[in-house]
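Right, I'll just put the structure down here and ask away after.
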Amino acid sequence: HVLDSDIMADELEKKFEYDTTNQIIEDQVKAILDQKVYDAKEVHTWSSQIVERVLKQLHKQNKPFKYVVTCVIMQKNGAGLHTASTCYWDTKADGSCSYDYHWNKTMHAICTVFALHI
């Protein structure tokens, strides 16, 4: 006999957690980019480090998701930066989260996580 509270707890554990994911992204982006000055030669390394660190932290949660992590870093030079995404998925189980990093005076970054329930 399974109690309703057990079912609810189980469902909650499998749910995509937007706030937790956003905090993971923010922490990792800031850890890599804070105190840095934009350098075109370093951008590939920084973006790779960000996506790897975010993915590692998400994996530590031990949630039943496959993750896709993207990161765009652009020099601040007055140009606009616009992004968009759309997904065809189960809105009750899957989720996405984007973090807009604009605190650095020399660069702008957007990191996005797509979480697909398995």
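Can we say residue 54 is touching a Leu at 6+ places or on another chain (Cβ under 9 Å), of a type outside the set (Phe, Trp, Tyr) and surrounded by 13 or more Cβ atoms within 10 Å (Cβ to Cβ)?
For residue 54, the condition - touching a Leu at 6+ places or on another chain (Cβ under 9 Å), of a type outside the set (Phe, Trp, Tyr) and surrounded by 13 or more Cβ atoms within 10 Å (Cβ to Cβ) - is not met.
Say we look at segment 63-84 and pick out the residues that are closer than 22 Å to residue 48 by Cα and open to solvent by 80 Å² or more (accessible area, probe 1.4 Å); which of these is nearest to the chain's Cα centre (by Cα)?
Residue satisfying both the conditions and the ranking: 66.
Could I ask something else about it? Name every residue in segment 65-79 that is farther than 12 Å from residue 104 by Cα and either touching a residue at least 24 places away in the same chain (Cβ under 8 Å) or small (Gly, Ala, Ser) (or both), in order of residue number.
65, 66, 67, 68, 69, 70, 71, 72, 78, 79
Same structure, new question: Considering only segment 85-97, state which residues are over 14 Å from residue 58 (Cβ atoms), open to solvent by less than 90 Å² (accessible area, probe 1.4 Å) and of a type in the set (S, T, N, Q).
Within segment 85-97, just 85 meets the criteria.
Here's a follow-up. Given the conditions (1) among the small types (Gly, Ala, Ser); (2) assigned to a loop (DSSP other than H, G, I, E, B); (3) open to solvent by less than 60 Å² (accessible area, probe 1.4 Å), and given that residue 109 satisfies all but one, which numbered condition is not satisfied?
Among (1) among the small types (Gly, Ala, Ser); (2) assigned to a loop (DSSP other than H, G, I, E, B); (3) open to solvent by less than 60 Å² (accessible area, probe 1.4 Å), the lone unmet condition for residue 109 is (2).
What residue, among those in segment 1-35 that are of a type in the set (Lys, Arg) and modelled with pLDDT under 95, is farthest from residue 89 (Cα to Cα)?
Checked segment 1-35; the qualifying residue farthest from residue 89 (Cα to Cα) is 14.
Say we look at segment 50-63 and pick out the residues that are touching a strand residue (DSSP E or B) at 6+ places or on another chain (Cβ under 9 Å) and of a type outside the set (Lys, Arg); which of these is farthest from residue 108 (Cα to Cα)?
59
Which of (1) more than 15 Å from residue 46 (Cα to Cα); (2) modelled with pLDDT of 95 or more is the odd one out, the single condition residue 103 does not satisfy?
Residue 103 satisfies all of (1) more than 15 Å from residue 46 (Cα to Cα); (2) modelled with pLDDT of 95 or more except (2).
Return the residues of segment 62-86 that are part of a loop (DSSP other than H, G, I, E, B) and under 14 Å from residue 18 (Cβ atoms); say none if nothing qualifies.
Within segment 62-86, 63 is the sole residue that qualifies.
The values are calculated or read from the model by the stated rules, or taken from the named source; none is laboratory data. Worth saying up front: this structure is predicted, and the values here are computed from it rather than measured. Backbone-built Cβ (ideal geometry, glycine too); neighbour counts: all protein chains shown. Each accessible area value is taken on the protein alone, full model and side chains, heavy atoms only, with ligands, DNA and RNA left out. Shrake-Rupley method; radii C 1.70, N 1.55, O 1.52, S 1.80 Å.
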